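Here the structure is laid out as structure tokens; the discussion comes afterwards.
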Amino acid sequence: MKKIKLTAILLIFIFTIATGCISASGKTFTDVKPDAWYHATVGEMTEKGILSGYSDGSFRPNAPITSAEFTAILCRIKSVQPKSSQTGHWAGGYMQSALDMGWYDYDEIPPTGEKYDMPIQRQLAVKILMKALADSFSYDYNIESAKIKDFSALSGRYYDTVLPAYSAGIVGGDEKGNFDPAGSLTRAEACTVIKKALDKYGIAVTDTEAVTPAETEKPVSYETSRSGGISANGDLHVEGTRLCNEKGEAVVLKGMSSHGIQWFPQFITNDCIKAVGDRGANVMRFAMYTEENGYIANNSVKDTLINAVDNTVKNDMYAIIDWHILSDGDPMKHGDEAEAFFREMAERYKDTKGVIYEICNEPNGNITWSSNVKPYAERIISAIRSIDDNALILVGNPQWCQDLDSVVADRLNYDNIMYTCHFYAGTHTQWLRDRVSNAVNNGIPIFVSEWGTSDASGNGGVFAEETQRWLDFMRANGISWCNWSLCDKNETSAALLPGANASDGLSDSELSQSGKIVFGHMQK
Ligand code: IDC
């Protein structure tokens, strides 16, 4: 009985793979189903090489297209040559050419490059599309404007391109008749409007080089600037025991650690990260558990992590990628997986400022620094550094990051390394602060990448007095920190009360007792 059931499930699964994902052209994308409205168009556009899918086999039809992607596609269709550009951005040359040809104006996408990777507004996309491809701009104002239910939202500077596009049937509204001029354009919608314009103006695309997501996946650039953020400090490095910015000035990072991202992805959305930044944090740490249904059993948490890191950088905050070993405390256990993972992350973020690697959360159990953690660290650090030679890397140590004495006795032979100390105020007191002082006095740079106001279980307390001693100590020593944890779990270390909703910011009434203390110290 069991066998039959399993076979049936397997058959359904194989059937879905075989039929569910093939686009009209024969290109396969895991997320473009035959019954999707954009199925044929995406197939045709990718077959023609106008744009392509992602290396993981997806097309991400509902993801917004950026200014750089959309403009570069049209440049390539028109065989426009890229001009020289100072931005260092992959599409900088195309953006300059398009600007010079008047496809868009200086203020719409400033040539500094900082907005190239932001989603393009629909009204601007249609303007660029029409300037690039249209041979006629005729329209009747009364007829076309009446078609657009939210016409009042359309900026006047786009009338002479959006209204002709309506007239030519290249764009239409949504089911309610709205155009949503300031909204973003999805990749599937971009395919559709480009195809309609090509058909309408009889443009044959023969030899286009596709805009590949490999070009567009990196680097991420920030959209907001915060004091203490990446735009102010740039890439960080270590001088002596201090963390320093690009100018060599000492900096301190303060912020939140996520809880396990396999359990609480709702608190690492863009809105939530922004809310944390708006409360004064300049760093976010993402705890990607290896065990407990984390990365080893469920690789897809990596996508959640990447999304969160990208959003953190866009919010002008530093991002720590935490390989969160815990219930299995020997970092060597998943050394192969760790190395492959960190190589991938380093490739992805080598040109992005502000990404920090924490290679083993908390080694623990029957292991030692010199025989387990140090060799693991040497392996992972050299892998990351072979790709990004100045990446800032945080390294854990045995006894849940309290065995600093072993580090003092046998430190790693690399620059730009910080060693982590983790404390929970109800469990770890003056004796651990003494170890930190001893380490610092011996030239060991310390980063408190995780600490809690509770006891070591994540619950109990809040231990406000001991927390205050630790905060004063870290402040006096210029030690950077991340607090455990940004979630609404019913445990005292959680910064948010059960049911908190971060999509509209974080109000005082949503902060737990711990959250109030922690956020109260972000800017001090
Ligand atoms: C705790 C969480 C708790 C979860 C447990 C096991 O707060 O909800 O059930 O992990 O996954 C650490 C770890 C961190 C712990 C935290 C509190 O890095 O994962 O989170 N802690 O126990 N080290 C010391 C304490």
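Can you confirm whether GLY335 is under 25 Å from the mean Cα position of the chain (by Cα) and farther than 19 Å from ASP235 by Cβ? Spelling it out, GLY335 is indeed under 25 Å from the mean Cα position of the chain (by Cα) and farther than 19 Å from ASP235 by Cβ.
Could you pull out every one of the helices (runs of 4 or more DSSP H) wholly within the stretch 105-178 that has 3 or more residues that are under 29 Å from VAL313 (Cα atoms)?
Values: elements: 122-133, 141-147, 159-167.
Here the list reads 122-133.
Considering only the stretch 408-429, I want to know if a residue exists there that is touching a strand residue (DSSP E or B) at 6+ places or on another chain (Cβ under 8 Å) and in a helix (DSSP H, G or I). No, the stretch 408-429 contains no residue that is touching a strand residue (DSSP E or B) at 6+ places or on another chain (Cβ under 8 Å) and in a helix (DSSP H, G or I). Cβ separations smaller than 6 Å between residues 6+ apart or across chains give the following pairs from the stretch 250-276 residues that are within 24 Å of MET418 (Cα to Cα) to residues that are among the hydroxyl-bearing types (Ser, Thr, Tyr) and surrounded by fewer than 24 Cβ atoms within 10 Å (Cβ to Cβ): ILE261/THR304.
For the stretch 255-290, name all the residues that are away from the ligand (no atom under 15 Å from the Cβ), modelled with pLDDT of 95 or more and polar (S, T, N, Q). Matches in the stretch 255-290: ASN282 only.
Residues in the stretch 471-519 that are part of a helix (DSSP H, G or I), within 16 Å of the ligand (Cβ to nearest atom) and surrounded by fewer than 24 Cβ atoms within 10 Å (Cβ to Cβ): GLN513 alone.
Let's see how each residue does on (1) of a type in the set (Val, Ile, Thr); (2) touching a strand residue (DSSP E or B) at 6+ places or on another chain (Cβ under 6 Å); (3) not in a helix (DSSP H, G or I):
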site: SER258; (1), (2), (3): no, yes, yes
site: ARG285; (1), (2), (3): no, yes, yes
site: GLU291; (1), (2), (3): no, no, yes
site: LEU305; (1), (2), (3): no, yes, no
site: VAL309; (1), (2), (3): yes, yes, no
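When ALA464, ALA456 are checked against the criterion of being surrounded by fewer than 21 Cβ atoms within 10 Å (Cβ to Cβ), within 16 Å of the ligand (Cβ to nearest atom) and at pLDDT 95 or above, a single residue qualifies: ALA456. Only residues that are assigned to a loop (DSSP other than H, G, I, E, B), of a type in the set (S, T, N, Q) and surrounded by fewer than 24 Cβ atoms within 10 Å (Cβ to Cβ) were counted in the stretch 260-283, giving 2. Of the residues contained in the stretch 89-111, none is found to be of a type in the set (Val, Ile, Thr), touching a residue at least 24 places away in the same chain (Cβ under 8 Å) and surrounded by fewer than 22 Cβ atoms within 10 Å (Cβ to Cβ). For the stretch 61-101, a residue qualifies if it is hydrophobic (A, V, I, L, M, F, W, C) and part of a helix (DSSP H, G or I), and the qualifying residues are ALA68, PHE70, ALA72, ILE73, LEU74, CYS75, ILE77, MET95, ALA98, LEU99.
The values are calculated or read from the model by the stated rules, or taken from the named source; none is laboratory data. Remember, it's a predicted structure, so these values are computed and weren't measured experimentally. We place every Cβ from the backbone using ideal geometry, glycine too, and count neighbours over all the protein chains shown.
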